[in-house]
2 protein chains.
Amino acid sequence: MGATAYERHRALLHDVVRAMAAGECRMPFTAATGQDAADAGMRSTRTAAKVFASLLGRPFDLDQPGELGRVATEFSPYGIAMGIGYPHCDPAALVAAATRATAGWRAAGPSERAGLAVEILRRLNTRSHELALAVHHTTGQPPTAALRAAGPRAQDRALEAVAQAFAESERVPADLRWESARGRGRPLEMRGTCTLVPRGVSLLIGCADYPLWNGYPGLFASLVTGNPVIVAPHPRAVLPLAITVRVARQVLAEAGHSPDIVTLAVAPPEERLHRRLATDPAVRIVDFTGAARFADWLEQNARQAVVFAQRTGLNTVIVDSTHDYRSLVRGLAASLCRCNGRLRTTPQNLLAPAAGIATDEGRKSLRDLGADLGEAVDRLLGHPARVARLVGAITDDTVAAELARATRCGTVVHPSQALRHPDHPHADVRSPLLVRLDARDERIYSREWPGPVAFLIGTDSTAHSLELFRRTVGRHGALYAAVHSTDPLVLAVAEAAALDAGAHLVQNLADDLPADPSSGGSDLPAGGAHFVTGRFRVVRSRRHVAAAA
Amino acid sequence: MGATAYERHRALLHDVVRAMAAGECRMPFTAATGQDAADAGMRSTRTAAKVFASLLGRPFDLDQPGELGRVATEFSPYGIAMGIGYPHCDPAALVAAATRATAGWRAAGPSERAGLAVEILRRLNTRSHELALAVHHTTGQPPTAALRAAGPRAQDRALEAVAQAFAESERVPADLRWESARGRGRPLEMRGTCTLVPRGVSLLIGCADYPLWNGYPGLFASLVTGNPVIVAPHPRAVLPLAITVRVARQVLAEAGHSPDIVTLAVAPPEERLHRRLATDPAVRIVDFTGAARFADWLEQNARQAVVFAQRTGLNTVIVDSTHDYRSLVRGLAASLCRCNGRLRTTPQNLLAPAAGIATDEGRKSLRDLGADLGEAVDRLLGHPARVARLVGAITDDTVAAELARATRCGTVVHPSQALRHPDHPHADVRSPLLVRLDARDERIYSREWPGPVAFLIGTDSTAHSLELFRRTVGRHGALYAAVHSTDPLVLAVAEAAALDAGAHLVQNLADDLPADPSSGGSDLPAGGAHFVTGRFRVVRSRRHVAAAA
């Protein structure tokens, strides 16, 4: 390879580190479009489609230890036959292989690890369209959303994790020196070394909706801080992570490292693989994004590990007042429709005063707001082409029952209807359900609902909305929170409430956000540096300098 | 106060931050001796003795909320009557007061908090001799050791925690700005803020041996990262932390803050106060240094909190070979005697090949080493004055029974004998017990023994010693580990084993260390930055910039 990966990617790494420290954002993969991307080796959509097709109905080879057989767990909601046979490996063999790889990976040091991580991302970048197809066909996301969640943006997000892990590692001083005043005679001169010690084997539990977007930060933060990673995808969304693991193993092997620093774990559901691996004594780090219930289980049972659990929770929008009612309605309607309500920014709970809101079109009652939202949804979904672009297909078979159940919880403002996908007539595509609730119905809306379910919740006042927001999100988490108000005081109080609830807040973003709005700045889960520094410890070694001054 | 505390201490803070990043060590409090210390306001030993005497046999006033009465839990092993009545406050009232103080302390921001923390340390520094007397009379440590554990060195250690917490806080960028590429039309310009959000109420569980040395890092790291702290001392060692809390409350109140940002929690033993507070839903951080058993309990039960538990564990010395046998023996003997075996660097387990070690005085069998250690101990403790200076008095009444038990575990190399303290004839002072064991006796030496108990353990080889070290310390932790060898290969392997075990290692430090050797460099518990970054999260707020470019 000539120059090491670190030498090749050093300037990029340092640039990202500097930008993050300044509160800026570098998105080199996202910024490179068109010819730039092609020059960087990104395969065309046509090539990607061929590569993707060549994967279907065949074994997916990884040459991993402990292979027991093959397992296929995926189906495409768009009806193509996946039939990809992943290696079914003995979990104990995967853990043992990762453990064996630990010493060599620790010895590689942070620079080499960060360099190789960037190299892995660069190669993943060339396969962005292939990864997008894998996400499209496993999660049901429409193609554009899949590219966003699987391609350059996800790689840039991973690059932030790499840069932050690299920066934190660089911060550990290599050499220590000091004098120990002894109180009698000459001082004792001491020298020492400081060593970053990775915690140990890391487990990434993949999620069904955003396997790469949610999975990359933990995967790359663990790798750069020296921890081998076992990647255990959600059974419904294996392929995107399997491709990622294959690329990582290739890059590692080419650089002379054990490929078992990154392995893929897939098993038939009855093996309860995630629980088995998460409680293995050798697994010391667990990353998970998803439902609060499994996050709670992990925190209670994976006692030997540090658990980084991001609870998807109760995305909430507080509506107080607006200068631009049309944009507000259009934006909310689009958020409700996108990706069958599974977008990271889809609100489940819309909190608004039952007495209505002040707008540039006069006062709007809660009934007006509900009706306008319903009409905007119908307008958006009136064209089959737009349905294909926006909505995507449902993969989770519990959704139908949950929609029926939600319908009985309150007044239906907009019913969920089956929609026709122009290209995939058998795909399960549905418009969002919007149900009006009262603030008293907390036990309904303080639960995380799957699929396109949202509640329009009438409160006593915006102050009451903020109190409910603080309480429900503080308890159950949220990936996304937003406030709409023309009153600076309300915005300030909302900001304070978001701080108390520990949620990221977006203010008056009138239009909806095709780009994930949590990009920008250091966007790691689990609130900052701890997400990285919790993956290692620093151990010092000291020695007496014989010829002391 | 004129200038704010931050303005006054800014240069010092930045200097310490810079030095830590470079692997150097600033010890401004330790460096200021004699006239410098007096100029900085340090009270003389004579004044300190008067102040200390004035505290005895009286209520200790703190003016805290929820006071139910008074409680006295201490006795001096040197026989003076303590009789200090601490406020016994309703734990729920202390938690509620800390919770109320949270918002104001968060709003103060990192600079002000760090400035006030330095101001607290500066005031504690003026009372170093008073704090040393408090430690001497509660822990039984001899006066010099008590000054070391309670005075300038402990303040310098706390200053490192302040500087590291300040540096980590400063690293959070205040403003974020980026463009969200929208894929259609103009990019959306975004602005945001990044806010450090403290985790919440912090609990410091004090230890009996080193209440300030072990307590300060967590106390000050929590304060500077914005968390109010409830200080719950060990019932046998309340006074050092009570004085600390009083000083902190004074500094906070003078600066216009709620004094309840720092409170003292003491209760009669039957209230099980530590367990009660550690599992209070509002307590979000717990610091503890001590026995693995209670550390395990905390990690299993204080589920709502981040637990920073430092296990005192199995201090271990690996003896392979030496160029200076006399110094080795003298140093080990002194370590065994100091502070009744409760020094942070006292080894419990000495691992050496049963076949003996190579030295500058020829080969020494394990029996030689044991006999020489025993003689060196007797020589050291031959003078009552040296006993007073070195050994200290035992406070823990389980020690006598444990010594008798340890005596029955193997061949006694040096028996523990009652010694006479020249000034305090009734103090319980004992020489160290050294028992020879075999490597097979792992269930004996893999337990943490209280008091002056050490084992000389014969192994098959140094490789075997290293394997035992790796396993026992890896499982039970250790505050201290050392290796003596003339072979660079053994030193390198020992360093790797220490990394695996997660212990700090000292190499060939021939003489014993009156100064705590873990000073120097960033000496925070729990291995580095995580000790600070685990106390807060970073929450971002975003808004759309209306007049986008």
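The values are calculated or read from the model by the stated rules, or taken from the named source; none is laboratory data. Please read these numbers as outputs of a predicted model, since none were measured by experiment. For neighbour counting, all protein chains shown are included, and Cβ atoms are generated from backbone atoms with ideal geometry for every residue, glycine included.
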Those strands (runs of 3 or more DSSP E) completely within the stretch A:451-549 that have 3 or more residues that are more than 10 Å from every other protein chain (Cβ to nearest Cβ) and modelled with pLDDT of 85 or more are A:453-459
Of those in the stretch A:374-390 that are in contact with a strand residue (DSSP E or B) (Cβ under 6 Å, 6 or more places away or on another chain) and under 30 Å from A:ASP460 (Cβ atoms), the residue surrounded by the most Cβ atoms within 10 Å (Cβ to Cβ) is A:VAL377
For the stretch B:438-459 the number of residues that are over 24 Å from the mean Cα position of the chain (by Cα), within 18 Å of B:GLY474 (Cα to Cα) and of a type in the set (Asp, Glu) is 2
Per the filter on the stretch A:406-427, residues surrounded by fewer than 20 Cβ atoms within 10 Å (Cβ to Cβ) and in a loop (DSSP other than H, G, I, E, B) are A:ARG408, A:CYS409, A:GLY410, A:PRO415, A:GLN417, A:ARG420, A:PRO422, A:ASP423, A:HIS424, A:PRO425, A:HIS426
Note on B:MET82: of the conditions (1) of a type outside the set (S, T, N, Q); (2) part of a helix (DSSP H, G or I); (3) under 30 Å from B:GLU271 (Cα atoms), unmet is (2)
Given the conditions (1) closer than 16 Å to B:TYR445 by Cβ; (2) in contact with a Leu (Cβ under 9 Å, 6 or more places away or on another chain); (3) not basic (Lys, Arg), every one holds for B:GLU402 apart from (2)
- Message: B:GLY206 - would you say it is touching a residue at least 40 places away in the same chain (Cβ under 8 Å), buried (at least 21 other Cβ atoms within 10 Å of the Cβ) and more than 10 Å from every other protein chain (Cβ to nearest Cβ)?
- Response: no
- Query: In the stretch B:11-21, is there at least one residue being of a type outside the set (A, V, I, L, M, F, W, C), within 13 Å of chain A (Cβ to nearest Cβ) and either assigned to a helix (DSSP H, G or I) or loosely packed, with under 13 Cβ neighbours inside 10 Å (or both)?
  - Reply: yes
Residue in the stretch B:323-341 that is part of a strand (DSSP E or B) and buried (at least 22 other Cβ atoms within 10 Å of the Cβ) present: no
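Would you mind stating whether B:GLN155 is part of a loop (DSSP other than H, G, I, E, B) and more than 14 Å from chain A (Cβ to nearest Cβ)? Steps first, please.
Working: part of a loop (DSSP other than H, G, I, E, B): no; more than 14 Å from chain A (Cβ to nearest Cβ): yes.
So B:GLN155 fails the test.
Tell me, yes or no, whether the stretch A:225-233 has at least one residue that is among the hydroxyl-bearing types (Ser, Thr, Tyr), touching a residue at least 60 places away in the same chain (Cβ under 8 Å), buried (at least 24 other Cβ atoms within 10 Å of the Cβ) and under 30 Å from B:ALA503 (Cβ atoms). Walk me through how you get there before you give the answer.
Let us first name the residues in the stretch A:225-233 that are among the hydroxyl-bearing types (Ser, Thr, Tyr), namely A:225.
When the remaining residues are screened for being touching a residue at least 60 places away in the same chain (Cβ under 8 Å), the result is A:225.
If we keep only those that are buried (at least 24 other Cβ atoms within 10 Å of the Cβ) too, we end up with A:225.
Imposing the further condition that a residue be under 30 Å from B:ALA503 (Cβ atoms) reduces the set to A:225.
The answer is yes; a qualifying residue exists.
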Conditions (1) closer than 30 Å to A:MET190 by Cβ; (2) assigned to a helix (DSSP H, G or I); (3) among the β-branched types (Val, Ile, Thr) -> A:THR99 fails only (1)
The condition of being under 25 Å from B:THR144 (Cα atoms) and over 22 Å from the mean Cα position of the chain (by Cα) holds, among B:SER335, B:SER321, B:SER327, only for B:SER327
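Rundown of residues vs (1) within 16 Å of the chain's Cα centre (by Cα); (2) at negative phi; (3) within 14 Å of another protein chain (Cβ to nearest Cβ), yes/no style:
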site	(1), (2), (3)
B:ASP90	no, yes, no
B:THR99	no, yes, yes
B:ALA107	no, yes, yes
B:VAL118	no, yes, no
B:VAL135	yes, yes, no
B:ALA150	yes, yes, no
Of the residues in the stretch A:272-292 that are over 25 Å from A:ALA107 (Cβ atoms) and free of Cβ contacts under 8 Å to residues at least 40 places away in the same chain, the one that is surrounded by the fewest Cβ atoms within 10 Å (Cβ to Cβ) is A:ARG272
Selection from the stretch B:234-253 of residues touching an Asp or Glu at 6+ places or on another chain (Cβ under 9 Å) and either under 21 Å from B:GLY200 (Cβ atoms) or in contact (Cβ under 8 Å) with a residue 60 or more places away in the chain (or both) yields B:PRO235, B:ARG236, B:ALA237, B:VAL238, B:LEU239, B:ILE243, B:ARG246, B:ARG249, B:VAL251, B:LEU252
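Inspect all residues belonging to the stretch B:243-266 and state whether any of them is acidic (Asp, Glu) and either under 22 Å from the mean Cα position of the chain (by Cα) or not in a helix (DSSP H, G or I) (or both). Quick ask: steps written out before the conclusion?
As a first pass, look at the stretch B:243-266 and keep what is acidic (Asp, Glu): B:254, B:260.
Then drop every residue that is not either under 22 Å from the mean Cα position of the chain (by Cα) or not in a helix (DSSP H, G or I) (or both), which leaves none.
No: zero hits.
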Only unsatisfied item for B:ALA114, checking (1) under 26 Å from B:SER258 (Cα atoms); (2) at pLDDT below 95, is (2)
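Residues checked against (1) assigned to a loop (DSSP other than H, G, I, E, B); (2) under 25 Å from B:PRO87 (Cβ atoms):
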| residue | (1), (2) |
| --- | --- |
| B:ASP280 | yes, yes |
| B:ASP287 | no, yes |
| B:ARG293 | no, no |
| B:ASP296 | no, no |
| B:GLU299 | no, no |
| B:ALA309 | no, no |
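Residues A:LEU212, A:LEU219, A:LEU176, A:LEU196: which one is part of a helix (DSSP H, G or I) and either touching a helix residue (DSSP H, G or I) at 6+ places or on another chain (Cβ under 7 Å) or within 14 Å of chain B (Cβ to nearest Cβ) (or both)?
Working: A:LEU219 fails: either touching a helix residue (DSSP H, G or I) at 6+ places or on another chain (Cβ under 7 Å) or within 14 Å of chain B (Cβ to nearest Cβ) (or both); A:LEU176 fails: part of a helix (DSSP H, G or I); A:LEU196 fails: part of a helix (DSSP H, G or I).
Sole residue among the options that is part of a helix (DSSP H, G or I) and either touching a helix residue (DSSP H, G or I) at 6+ places or on another chain (Cβ under 7 Å) or within 14 Å of chain B (Cβ to nearest Cβ) (or both): A:LEU212.
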Here the residues within the stretch A:22-57 that are aliphatic (A, V, I, L, M), within 13 Å of chain B (Cβ to nearest Cβ) and part of a helix (DSSP H, G or I) are A:ALA31
A:ARG436 vs (1) charged (D, E, K, R); (2) modelled with pLDDT of 90 or more; (3) surrounded by fewer than 19 Cβ atoms within 10 Å (Cβ to Cβ): all pass except (3)
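Right, B:ASN214: modelled with pLDDT of 95 or more, touching a strand residue (DSSP E or B) at 6+ places or on another chain (Cβ under 6 Å) and crowded, with 24+ Cβ neighbours inside 10 Å or not? Spell out how you get there, then give the answer.
Working: modelled with pLDDT of 95 or more: no; touching a strand residue (DSSP E or B) at 6+ places or on another chain (Cβ under 6 Å): yes; crowded, with 24+ Cβ neighbours inside 10 Å: yes.
Against the criterion (modelled with pLDDT of 95 or more, touching a strand residue (DSSP E or B) at 6+ places or on another chain (Cβ under 6 Å) and crowded, with 24+ Cβ neighbours inside 10 Å), B:ASN214 does not qualify.
Looking only at the stretch B:189-211, how many residues end up being of a type in the set (A, V, I, L, M) and more than 24 Å from B:PRO110 (Cβ to Cβ)? Give the derivation first.
Step one: list which residues in the stretch B:189-211 are of a type in the set (A, V, I, L, M), which gives B:190, B:196-197, B:201, B:203-205, B:208.
Next, from what is left, pick out any that are more than 24 Å from B:PRO110 (Cβ to Cβ): B:190, B:205, B:208.
Number of matching residues: 3.
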Can you spot a residue in the stretch B:81-95 that is modelled with pLDDT under 95 and surrounded by 20 or more Cβ atoms within 10 Å (Cβ to Cβ)?
no
